[in-house]
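Input: a single structure, listed below in structure tokens.
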Amino acid sequence: MRFFVAIFLFLMMPLAIQAHHNTQTEFGWFDEETKYAEGEIKRIRWGNPHVMVDVEITSSEGDFTAGESWRLISHPVAIMTAHGFDGSEFAVGDSLKFHGHAHLRDHPLLWLRAVQVNDGPMRSSMRFNDMIDIANGVFEAKNMLPAANTSGSPPGRAGAENVEKLRAMGLIDDDGLMIWPPP
């Protein structure tokens with residue numbers, strides 16, 4: 001019986017891999033402007049396949065109306081950890097300020113671009129967007145800390161034109177990896 005279960009699982013693996021989605025088909029291009037909001041954490045799921053935080057919007061000063069419920073979606077746990085986040089930093093009742101990409105089909109979902117928990121710093125959860133913003137000279141105006149693993153990362157996913165800009169700015173080392181902050 002174990003043999004048949006093993007064969008079944010082996011045959012189903014390609015379907016599971018194909019089932020993963022492309023976040024940009026749901027949230028658009030990540031080099032587009034983000035939405036901003038402030039809210040209170042109502043529920044947290046620090047797990048895979050994606051970290052999810054349910055928030056109630058507390059201020060109408062951003063792009064949403066107070067009282068609305070939204071779900072922030074981000075990377076799997078390992079990627080969030082590499083970006084410098086830890087699940088223990090988030091608790092039900094905490095206040096958040098955040099930037100995210102709205103769902104293209106008007107679901108109350110945002111792909112998290114950056115988040116500030118309580119009075120902490122605004123931190124990025126998207127290192128390739130950091131690289132794009134750095135290359136285009138707009139990152140520092142966003143007043144956020146880059147993802148913890150921005151420096152030392154291969155910049156290819158930021159796009160060839162941005163890699164060339166970063167190289168011209170002296171932000172690519174001899175191994176082709178990102179240097180941040182600048183020397």
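Bear in mind these aren't lab numbers, they're just calculated from the coordinates by the rules spelled out. Quantities reported herein were computed from a predicted structural model and do not represent experimental measurements. With ideal geometry, Cβ positions are generated from the backbone for all residues, glycine too; neighbour counts draw on all protein chains shown.
A few points about this structure:
- Ranked packing of 76-85, 23-32, most packed first, by mean Cβ within 10 Å: 76-85, 23-32
- Taking MET122, MET169, MET52 as the candidate residues, the one with maximal mean-square fluctuation in a Gaussian network model of the chain, Cα springs under 10 Å, is MET169.
- Straight-distance crosslink candidates among aspartates and glutamates, where the alpha carbon sits under 12 Å from LYS35 and sequence neighbours closer than 8 are dropped: GLU61, ASP63
- Here ASN22 and ILE179 are evaluated by their C-beta separation; at R0 = 35 Å the FRET efficiency comes out at 0.75.
- In angstrom, the C-alpha Rg and Dmax of the range 19-125 are 12.8, 38.
- Relative contact order (%) - the chain, alpha-carbon pairs under 8 angstrom, separation at least six: 16
- One quarter of the convex hull surface built on the alpha carbon atoms of the chain amounts to 13.5 nm², the projected area averaged over directions.
- Cα-based Rg and Dmax for the range 126-183, where Dmax is the largest Cα-Cα distance (Å): 9.9, 29
- Taken as entire DSSP H runs, the helices of the chain that both span 20 Å or more between Cα atoms along their own long axis and average 1.0 or more on the Kyte-Doolittle scale are 2-19.
- Here the 3J(HN,Hα) profile of the range 51-63, calculated from phi with Karplus coefficients 6.51, -1.76 and 1.60 at θ = phi - 60°, is 6, 9, 10, 8, 10, 10, 5, 10, 9, 8, 6, x, 9 Hz, Gly and Pro shown as x.
- Between the range 94-121 and the range 126-160, the Cα center-to-center distance that results, in Å: 18
- Residue-span extension gain [ASP119 to THR81] - 0.36 nm each, minus C-alpha spacing: 11.7 nm
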